[in-house]
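Beneath this line is the structure, given in structure tokens, with notes to follow.
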């Protein structure tokens, strides 16, 4: 009984995921084309950057920003997924159903198409595309002060198709730059530096917002009408959470491209470990998402070294079978 | 001040009017039932009260203040709702589901509230740690009741809370509502089962087609006349084992001109009375002792009855009355009524019917029911019956009540 209660409280799961997170962090810092020992990693961490030393420069200029970016993006997508699955009462929801990712993709593709300098145009256009879509889809779904969740979903999915059609046209027209676009669309942390990390840092304060709404998210699992009856200001909660989830997704996509399955699978995995209670689920999803993204990027770097594959391929490669396992398990 | 009040509320779904100029008040401590046919606006009414739907015209007030002016959290401290059914597919324990009812009172001063005591009180402590989706329908409904009570509302609204429950949970739920009402909770409950309504509720609202058709004490509102007007069925009030209850018959068959008279007693005629009435015949009966089951049933069905005082042999007066009814009838049926010295005159009344050329029928086992003993004078009645049968006047088979017509 006691051990069962402990498992239900999730103390063990939380500790395990935190350990996993720390391990993923150090492992991602240590491994790569230039391997470093854990001792070196710790040394560089405490030393700060030492100019002239090659490994220290690699560590601080290449690896650290890349790992931090992967952690933040992973956390953002997982949290957005967990929040949206709760809001939409739909287990198949991921952050990309909002359509903001395809809006961001269109923005990014435009920057490739017009051969604009990546900094700042790629991120800028991607963020603009994401937020533009967010506002458009939101206004479609809002009627008489009520945010219709189904219209939000359908609007988002429709915009995704529309934007990908536009992206495809641009890709065909752009000819030889196709490779760069495809690489970006599949999602990658390759070549990202501190500029992208600075953009991604905007995500961090937004990640705290859903933690003020954990009770509301739990109650919303009983449906919007029941939530109203229990005293939840449903429209306000939906507005805030939809905005936060879509915003962190837009920012994440703008710095990393469209990395699939993390936002879909991680919340499910966490629910499996800890139950549906958002008070624990959101916290766990953030760290699980961050750790899995860092490890996925690590695999993307080392699996076919010296060449790299897009991290989005790694997450799909592991995410898809796992998700099918989850579906089977659910119906069984 | 009324705790809940609707003022001239009109509401339409798109262009489909659901409530039409509806007004009523619920006072503190009321135990109010709301009945009405499907689509009469009962559930809409609750949604208007709790501000989920906004009236097109008129106002919904809670403690004198318009519902739309309440923050949801404040309204949830005044009103709680128990829905007809409730789905939650996530593995929260029953206790966690109940705790969600505390949302509106979270962080309030003096808001200490014993979830354990509440579960104890409702006798569902054993469910506390079980996952909600694994509970039975009845258990779920008790947990949802607990969730609503955890809001500590002044008014509890219920929308057909027993619709999916077996009889044991139905009674348990309504017993609880009664107790909670005794403790001061105001209750407004939409329900379908008119007999449950009669059993539990003091006051009733009857809705019909979005309007308030009747309101008042339960036994007045649930009268056969009102039920027939609103539901379009025949309704009969019965008193049995100290309780009033209703039975219903469809009003789909046409009214028939033929009159049937039953010579019965001791409950042997009750079934036929009901069947014949439902088939649309006008039915009379006699001679039956007052308070006899057949007499009670006949009275409840509104039949013309030649009655005799209890435990009294049939007097000339009652016999004449019976003969008068027989003369007016097209068919006379003698049921398997036990025959004794008290009612043997019914046999001669029956024989008189045959003599008058009425169609007559006797149920099969009539001869075995001779309790007249050896008294020669009384035996004559039985002999007469035998004679009638042997002469072919009386058929002893009456399998189908409509069969004689052909």
Filter result for residue A:83 (in contact (Cβ under 8 Å) with a residue 12 or more places away in the chain and more than 20 Å from residue A:256 (Cα to Cα)): yes
Any strands (runs of 3 or more DSSP E) falling wholly within region B:231-272 and containing at least 2 residues that are in contact (Cβ under 8 Å) with a residue 60 or more places away in the chain and more than 11 Å from the chain's Cα centre (by Cα): B:259-263
Which one is farthest from residue B:233 (Cα to Cα) among residues in region B:38-51 that are in contact with a strand residue (DSSP E or B) (Cβ under 7 Å, 6 or more places away or on another chain) and away from chain A (no Cβ under 14 Å)? B:45
I'd like the residue in region B:67-77 that is surrounded by 15 or more Cβ atoms within 10 Å (Cβ to Cβ) and part of a helix (DSSP H, G or I) and, out of all such residues, is farthest from the other protein chains (Cβ to nearest Cβ). B:67
Matching residues in region B:231-242 - criterion: being closer than 21 Å to residue B:292 by Cα and modelled with pLDDT of 85 or more: B:236, B:237, B:238
Restricted to region B:279-292, and to residues that are modelled with pLDDT under 90 and either surrounded by 17 or more Cβ atoms within 10 Å (Cβ to Cβ) or touching a helix residue (DSSP H, G or I) at 6+ places or on another chain (Cβ under 6 Å) (or both), which residue is nearest to residue B:336 (Cα to Cα)? B:286
Enumeration of residues in region B:120-161 that are touching a strand residue (DSSP E or B) at 6+ places or on another chain (Cβ under 9 Å) and farther than 24 Å from residue A:218 by Cβ: B:154, B:155, B:160
Filter region A:122-150 down to the residues that are assigned to a helix (DSSP H, G or I) and touching a strand residue (DSSP E or B) at 6+ places or on another chain (Cβ under 8 Å) and list them by number. A:138, A:141
With region A:180-269 as the region, which helices (runs of 4 or more DSSP H) entirely inside it contain at least 1 residues that are within 14 Å of chain B (Cβ to nearest Cβ) and in contact (Cβ under 8 Å) with a residue 12 or more places away in the chain? A:214-220, A:224-229, A:234-256
Of the residues in region B:305-319, how many are part of a strand (DSSP E or B) and within 16 Å of residue B:341 (Cβ to Cβ)? 1
In region B:168-202, how many residues are in contact (Cβ under 8 Å) with a residue 40 or more places away in the chain, more than 15 Å from residue B:158 (Cα to Cα) and not in a helix (DSSP H, G or I)? 2
Residues B:101, B:64: which one is at the interface with another protein chain (Cβ under 7 Å from one of its Cβ atoms) and within 38 Å of the chain's Cα centre (by Cα)? B:101
Hits in region B:152-167 (condition: within 22 Å of residue B:76 (Cα to Cα), assigned to a loop (DSSP other than H, G, I, E, B) and either out of contact with any helix residue (DSSP H, G or I) (no Cβ under 7 Å at 6 or more places or on another chain) or without any contact (Cβ under 8 Å) to a residue 60 or more places away in the chain (or both)): B:160
Looking at region B:118-139 only, could you name the residues that are outside any strand (DSSP E or B), closer than 16 Å to residue B:86 by Cα and within 12 Å of chain A (Cβ to nearest Cβ)? B:132, B:133
State whether one or more residues within region A:92-111 are part of a helix (DSSP H, G or I), without any contact (Cβ under 8 Å) to a residue 40 or more places away in the chain and within 26 Å of residue A:178 (Cα to Cα). yes
For region B:49-63, check the following and say yes or no: at least one residue is crowded, with 20+ Cβ neighbours inside 10 Å and in a helix (DSSP H, G or I). yes
Residue A:170 vs. criteria away from chain B (no Cβ under 14 Å), within 19 Å of residue A:128 (Cα to Cα) and in a helix (DSSP H, G or I): yes
Condition met for residue B:29 (in a loop (DSSP other than H, G, I, E, B), more than 12 Å from chain A (Cβ to nearest Cβ) and touching a helix residue (DSSP H, G or I) at 6+ places or on another chain (Cβ under 8 Å)): yes
Candidates B:141, B:147 - the one that is modelled with pLDDT of 90 or more, under 14 Å from residue B:95 (Cβ atoms) and within 30 Å of the chain's Cα centre (by Cα): B:147
Could you please find all residues in region B:78-96 being within 34 Å of the chain's Cα centre (by Cα) and in a helix (DSSP H, G or I)? B:78, B:94
May I ask you to say which residue of A:39, A:86 is crowded, with 21+ Cβ neighbours inside 10 Å and assigned to a helix (DSSP H, G or I)? A:86
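The values are calculated or read from the model by the stated rules, or taken from the named source; none is laboratory data. Predicted model, so just to flag it, every value in this text is computed and none were measured. Ideal geometry is used to build each Cβ from the backbone, glycine not excepted, and the neighbour counts take in all protein chains shown.
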